[in-house]
């Protein structure tokens, strides 16, 4: 499987709590993009905080159709040192060395392993060189403050632009693979 990291970003690089600022820009095109992205994945890789938010929201959400069914039934691998039990259907805890365990997942046959949100995990996987595709949904808003996806300790990575998409409400998707 290839590891695809997909992130919502403000124009100034904030990724924190996109639910507070991304909705005005989400349209049918963005929805179809996220649906296609999810359907191209065989599993999700999540950090603890993103897992907790998703696990609380998705099983109880109504009217989500095929997207919700896929979210609730697909395998989910959760990187956590604190959660001992994972209640959301299809969730499995990743124990042991992060690089080794993610390497094992990537070595399995299949399509995409989708990483969403999970900033701390994203940065660890970036440092380890394990992300195959970076997919950024850049929103036309400057927030001025908030957690940035990339921090000062992020190592230099050369990337190759492989695709762009522009949606009617101003979201631009930038897709890169390792250079």
Volume of the Cα convex hull of region 46-124, divided per residue and given in Å³: 94
Simple label model, 7 Å out from Cα along Cβ direction - residue 95 to residue 154, nm: 3.3
Relative contact order computed over the chain (Cα-Cα under 8 Å; 6+ residues apart), in percent: 37
Theoretical ellipticity at 222 nm over the chain - DSSP helices of four or more residues, -39500 (n - 2.57) apiece, nearest 500: -8500 deg cm²/dmol
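In what sequence, highest mean first, do 126-133, 4-11, 35-42 appear when ranked by Cβ atoms within 10 angstrom? List each step's numbers first, then the result.
Details: 126-133: 16.6, 4-11: 20.9, 35-42: 14.9.
Order by mean packing, descending: 4-11, 126-133, 35-42.
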Ascending count of other beta-carbon atoms within 10 Å, so fewest first, for 134, 51: 134, 51
Length released on extending from residue 64 to residue 141, taking residue separation times 0.36 nm less the Cα-Cα span: 25.1 nm
Relative exposure of 89, 22, 145, judged by other C-beta atoms within 10 Å (fewest first): 145, 89, 22
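Can you sort 20, 139 by how many other beta carbons sit within 10 Å, fewest first? All intermediate terms of the calculation are to be shown ahead of the outcome.
Values: 20 9, 139 25.
With the fewest neighbours first, 20, 139 line up as 20, 139.
Where a number appears in this text, it was derived from the coordinates with a stated rule and is not lab data. Treat the numbers as computed from the prediction; the structure is a model and nothing was measured. As a convention, Cβ positions derive from the backbone with ideal geometry for all residues, glycine included, and neighbour counts pool all protein chains shown.
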